[in-house]
Amino acid sequence: MNEKYTGTDAMAEVATARHESGKDTTTSDELLKRRIYMEFQGFVLPMIGELINRLVLEGKSEDEVVAAVKTAAKGYSTFRLAFVRN
C-alpha cells in the first residue's frame, strides 16, 4: 500500500503523512479508514457539484435545487460522521 491517495480533507492528509513517517501511533485499520474516506470524498463532492449544475441547466426551480443540495449534504454528512465516530 505505497500508493499515495489524494483527497480534499487536509486534516486526514496530515494524519496519514504523520503515520507514514512514524510520528503517529495510528493503527493500520484507522489509516485504511482515513484513506477510504479521502477517496470517497474526492469522488462524491464533484458529483454533488455536477448534480447542482445539471439541475440548474435543466431549469429546475430554486426550491428543487435547494432540496437536492440539502439531501446530498445530509447524506454526505451522515457518511462523514460514521467515519468520525468509528
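The values are calculated or read from the model by the stated rules, or taken from the named source; none is laboratory data. Small disclaimer: the values here were computed from a predicted structure and weren't measured. Cβ coordinates were reconstructed from backbone atoms using ideal geometry, including for glycine residues, and neighbour counts include every protein chain displayed.
Observations on the structure shown:
- Residue count for region 44-86 under the criterion of being under 30 Å from GLU30 (Cα atoms) and of a type in the set (Gly, Ala, Ser): the result is 6.
- Tabulated pairs, region 29-52, first free of Cβ contacts under 8 Å to residues at least 60 places away in the same chain, second loosely packed, with under 13 Cβ neighbours inside 10 Å, C-beta under 7 angstrom, 6+ apart or interchain: LYS33/ASN86; GLN41/THR8; GLY42/THR6; GLY42/THR8; LEU45/THR8
- For region 16-39, the criterion of being at pLDDT 80 or above and part of a loop (DSSP other than H, G, I, E, B) is met by none of the residues.
- Answer from LEU51, LEU57 - the residue that is loosely packed, with under 11 Cβ neighbours inside 10 Å and aliphatic (A, V, I, L, M): LEU57
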